[in-house]
Amino acid sequence: MDSGLRKHLNILDYTLLSLWRRRLKNLSILLVFAGVIFLVASFELVTQALTETADRALRNVPEITLQRLSAGRQETVPLTYMERLRGIFGIREIVPRVWGYYFDEVSGANYTVMGMDRRRMPGGKEMDLALARGDMPDPEERGAAVIGQGVETVLRQKGGSLLSLFRPDLSQVSFEIAGVFAPATDILTSDLIVLHPEDARDLFRIPSGMATDLLVYVANADEVSTIARKIATLLPDTRVLTRTQIRKTYQVVFGWRSGFASVCLLTALTAFVIFAWDKASGLSPEERREISVLKILGWETADILAIRFWEGLLVAGLAFVLGCTAAYVHVVFYDASLFRPVLVGWSVIRPDLRLLPTPELANFLLIFCGSVLPYLAATVIPAWRSASVPAETALSGM
Amino acid sequence: MLIELDRVSKTYNQGLPNEVAAVREVTLAIADNAMTCLRGASGCGKSTLLAIIGCVFQPTSGRVTVAGKQLARLPDRFLALHRRQYIGFIFQRFNVLPALTVQENIVLPLIPLGLTPQQMRERAGILMERFGIVHRRAFPAGQISGGELQRVAIARALVNDPPLILADEPTAHLDSRLSNEFMDCLAELKAAGKTIILTSHDPLVTGHRAVDQVIDMQDGRIHVS
Amino acid sequence: MFLNSWSIALVICGLVVTFLMGFAARSGIRVLFHWNPDSDANRQIQLENEIWLTSTLVECALGVQIISLVVFVLAADFYSQAIVGAMCATGSLLANNFGVPALIVKIGGVFFYGFWIVLHQLDIRSEHYPLVRLKYVYLLLLLPFLALDLTLGVLYVAGLHPDIITSCCAVVFGETAGGGPNLLSGWSPRLSLSLFYGSALALLAIGIVLLVRWRMWASLLFSSLCLWFFLLALMAVTTVFSSYIYAMPFHKCPFCILKAEYHYIGFLLYVPLFLGAFLGMSVIVAEPLRSLDGLEEVVPRFQKRAVVSCLALLLVFVGVATYPYLRYLILGGEG
């Protein structure tokens, strides 16, 4: 090992000692700093979790979703529209879907009811694999339902093996439970009830020959926007949503929200930077004497600067690890409960969202830029001031 | 290592109303392997002169030559490199850092030299052995007695094995027993080949048998006797 | 598109660099006006201290500039998720006229700040500090460059318009062409590959010549070749090597390799390349200083080390870049 490197290791060693000697002062900076990082990181991780959830949800969404708008509101789509789209080249499959929300007054829960012909959906077979027990009912079979874990819990509390739902006119329909979705798919299926399309139509009293929306599957991903444009021209009263567009909208919304939150956090950051500057600037007489003694004993200004550099890096690094870990625990195990009031309305996807981010380098880089960089910048000049204490300070009579 | 000062002056706060000429036109040569004492009342400029010899700062004018090398006008960084290699300092009140342990204090001058921790411990160990403070190795320096403190200070000045040792009023805060002990220790170092320069107005120091030369200072000027 | 965390991170990086360089320039101006090595007035001692301030500030600025370069690329990747027609970072950099210039200026910043630090490190090794004036004039020349960097960054972000689903039936369609737009098109891979490996060999040869016997013209050639190789390598990564890393023939993007999906292999690729190219080019930066007072030994030693490290780093780069390509040739794709 060359002596320059060893010198730095020695200085690092000395820094650790001196941090430990002033542990009270350093601990206060560390805790405040970790707190700031905790705030920044929590928001970042929440955003990341929401983005991932949206991505996962969108993976099952077809390339194009077709809704009909009337007077600016969504209406049911006549199945005859499907015939009009047949002519467009490149469409692989069109699947009508009947779906809606069902409010269960007894338990106060909101279910998502969905009915579609899964034989015609590419990847529809995979739904069998998503079941914890039971089977997907035969596509022709009426009166059977597949439910998510959340629905099952409510059902078990009520007792009984039949799922009873009410039509809008309060007449009752009952379904047999054919299968239950696996807990692993909870994020998508927890509140889901999958029915035969005719059953779903019957439940919501949607006239036959109508669907809530049409799912358009496209064979070649490159042709999506061309096909979407053709559909829009052909059926001017529809809204054509492509998957990439939905994803981009989510991104912009999440990005905007987290950006807005970051701006709010900037106040906390500024306060902390001022605090750090202040702590770093105030040199006690003992510290001045120590620096001057070191200088007389042959330390250069650059060596003192190296102490300050390591000090900053160690404090910032430790605070970073602490803050990020605390934020992860906060977001994953406590569902970001500190931010609950702010987070209401964030859950574009699902009200009872489980936040489970898998952070990557980019997230940490963002957190780093929003916390450690300003701190390091704020301590450079005080560090130099302390390093430029003249050597003669420790001599008597001067 | 011959030290030559040629018309060296040091003025504090130059150009300001509180300007002070601490050292005026001092010309001086200090021989190798000798013990020289700068004597004078406080404020006569002896500490300033010692600091100039020790390259702690530069003189306002004049030349300082150590072993043939011109040191005045060198940037701060090179003065530090010079101090690190050639000079051992013993301060008034010793300036031992009270929060560090005895051993940590002694190795301070070695840290920028880039030695391994093993080498640093060994060197400190030898010196602590020699001065009888091994049992205090891990004690905070703030908790040891005055005599031990003095030995820590000497050990620290010797740890980088410098040819030149400077001591600024080393006995000012010691009783006569400790002062004598200290001077005997310096005498040993001189016998071992070191060059020693100290400042004092203590007759116990200036009258010590090992002192080769006493230089009187008054108002920043010198009178060799 | 300012209100999202990536834009804010970019703004913070920009502000921090400006703050650091601003203070550095302030002390630079003081040094330029009052520096006088023969004086021993307090001011000269003060200025000697300020040299440490400036160098620390510029070193920090360099660090932040490197971080901001990474942030810029990753931010572009993030924007691509929100912009019409952008598939990855390449697309969003091409989304307006300021993206690519901003990137180039940022890379330039890393090199120029780095050269300043090389000058400084050489300077403080001479007892006479012979480069003080030169390095502070250079520092002041960096300021317009910094301003350009900031302006381009702001213009780029301001010029990005996200694509949002509107609540009415008006639909916006982006054109999603092929595998997304490419930074460089129309380059024949065969030609660029032979140029790439040819230049690498030439660089190695000149490096060895230099190490055996130092010649002025050879050092000039070495540094110029380094610059050439750097540009060529960026091009080769974009047009050839990246698609072997992605295992997708039409995905030619120099940025996606920096992402977790590809195990951050891009960092392993770019860090040796940038560092190697930087050291190689600093050889010629140091060349005129060889005869300066007090630097007669320092500069040649630095140059020799720079040549050796440059060659070693570029070798690592060539190795990392070639690996997926060779793997493909040997295993035939689905490896």
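FYI, it's all coordinate maths here, none of it is from the lab. All figures in this text were calculated on a predicted structure; none of them were measured in a lab. Note that we place each Cβ from the backbone using ideal geometry, even for glycine, and neighbour counts take in every protein chain shown.
At-a-glance table
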| quantity | calculated |
| --- | --- |
| Among A:GLY87, A:VAL146, A:GLY108 the positive-end extreme of the charge dipole of the range A:47-161 (Cβ point charges) | A:GLY87 |
| C-alpha long axis of helix B:146-158 to longest principal axis of chain B, angle in ° | 70 |
| Shielding of B:86-98 by partner chains, average beta-carbon count, 10 Å | 3 |
| Alpha-carbon gyration tensor eigenvalues x 5, square-rooted, for the range B:21-135, Å | 30, 18, 14 |
| Coarse-grained scattering of the range B:52-100 at q = 0.15, 0.17, 0.20, 0.29 Å⁻¹, given as base-10 log I(q)/I(0) from a Debye sum over alpha-carbon atoms | -0.46, -0.57, -0.72, -1.15 |
| Order by protection proxy (mean Cβ within 10 Å, highest first), peptides A:247-258, B:5-16 | A:247-258, B:5-16 |
| Computed magnitude of the charge dipole of the protein assembly as shown (debye, nearest 20; Cβ of K, R +1, Cβ of D, E -1) | 1140 |
| Peptides ranked, highest mean first, by Cβ atoms within 10 Å: ranges B:116-128, C:253-265, A:71-83 | C:253-265, B:116-128, A:71-83 |
| Pairs from A:LYS295/B:LYS69; A:LYS7/A:LYS295; C:LYS106/C:LYS304; A:LYS7/B:LYS46 whose Cα-Cα separation, in the structure shown, is over 24 Å | C:LYS106/C:LYS304; A:LYS7/B:LYS46 |
| Theoretical gain in end-to-end length, A:SER161 to A:ASN60 [0.36 nm per residue, Cα-Cα removed] | 33.4 nm |
| Reference-scaled alpha-carbon Rg (2.2 N^0.38 Å with N residues) for the protein assembly as shown | 1.25 |
| The range C:5-158: projected area of the alpha-carbon convex hull, averaged over directions, in nm² | 8.9 |
| Proportion of all alpha-carbon pairs of the range A:229-341 beyond 20 Å (%) | 69 |
| Longest to shortest principal axis, alpha-carbon extents of the range B:5-69, angstrom | 41, 28, 18 |
| Per-peptide average of other Cβ atoms within 10 Å, ordering A:322-334, B:54-66, A:16-28, B:133-145 highest first | B:54-66, A:322-334, B:133-145, A:16-28 |
| Whole-number D in µm²/s for the range B:148-225 (Stokes-Einstein; Kirkwood sum over Cα pairs; 20 °C, 1.002 mPa s) | 162 |
| Rg/Rh for chain B, where both radii come from Cα atoms and Rh is the Kirkwood radius | 0.97 |
| Between 0 and 90°, nearest 10: helix C:189-212 axis offset from chain C longest Cα axis | 20 |
| Estimated 222 nm signal from helices in chain C, with DSSP H stretches of n ≥ 4 weighted -39500 (n - 2.57), rounded to 500 | -24500 deg cm²/dmol |
| Cα centroid separation - the range C:304-335 against the range B:159-216, whole Å | 65 |
| Theoretical ellipticity at 222 nm over chain A - DSSP helices of four or more residues, -39500 (n - 2.57) apiece, nearest 500 | -18000 deg cm²/dmol |
| Quarter of Cα convex hull surface for chain A, i.e. mean projection, nm² | 27.8 |
| Shape call, the range A:91-218: gyration tensor on alpha carbons, a/c limit 1.5 | oblate |
| Crossing angle, helix C:298-331 versus chain C [Cα axis fit, 0-90 degrees, rounded to tens] | 10 |
| Compactness index (Cα Rg / 2.2 N^0.38 Å), the range C:38-111 | 1.74 |
| Average partner coverage of A:361-370, which counts Cβ from other chains inside 10 Å | 6 |
| Inverse of mean 1/r across different Cα pairs in chain C, Kirkwood, Å | 22.0 |
| The range A:101-185: GluC sites (Glu not before Pro) falling in loop per DSSP and having at most 13 other Cβ within 10 Å | A:GLU105, A:GLU140, A:GLU141 |
| For the range C:189-331, convex hull volume per residue from C-alpha positions, Å³ | 102 |
| Average partner coverage of A:244-253, which counts Cβ from other chains inside 10 Å | 6 |
| DSSP H segments from chain A that extend 20 Å or more along their own axis, Cα-based, with Kyte-Doolittle mean of 0.0 or above | A:23-59, A:243-281, A:301-333, A:361-387 |
